[in-house]
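Just below is one structure, and these are the notes that go with it.
Every number in this text was worked out from the coordinates using simple rules, so none of it is lab data. On a predicted model such as this, the values are computed, not experimentally measured, just so you know. Because the Cβ atoms are built from the backbone with ideal geometry, glycine has one as well, and the counts that use them run over all protein chains shown.
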C-alpha cells in the first residue's frame, strides 16, 4: 500500500478489513464470508479486534515519540484513555 499510494501499512489493513468483513464480502458473497469466518470464530475475532483497538488507542495516546522513556511518562494517561474508550463503548 505504501509503495503504491504512499500510505502507512495500517491503512491497507483497514481497507482489507472492510473488504473481508460483513460490509462488503458479507453483502456480496455471504457464503464465502461464512466459510472464511465461521460463526464459532466470531466471538474470538471480536475480542482480538477490541484488544487491537485498545492497543492502538494506547499508542495514539503516547503521541509521536514512542521511546521507552515516554512510555514511563505518558503511559498512565494513555492507559486511562484506552480504558475509558473500552468502558464507554460497552455501555
* Asked: residue 87 versus residue 55, label points 7 Å from Cα toward the beta carbon: distance in nm?
  -> 2.3
* So if we plug the beta-carbon distance of residue 77 and residue 47 into 1/(1 + (r/R0)^6) with R0 = 22 Å, what FRET efficiency do we get, rounded to 0.05? -> 0.30
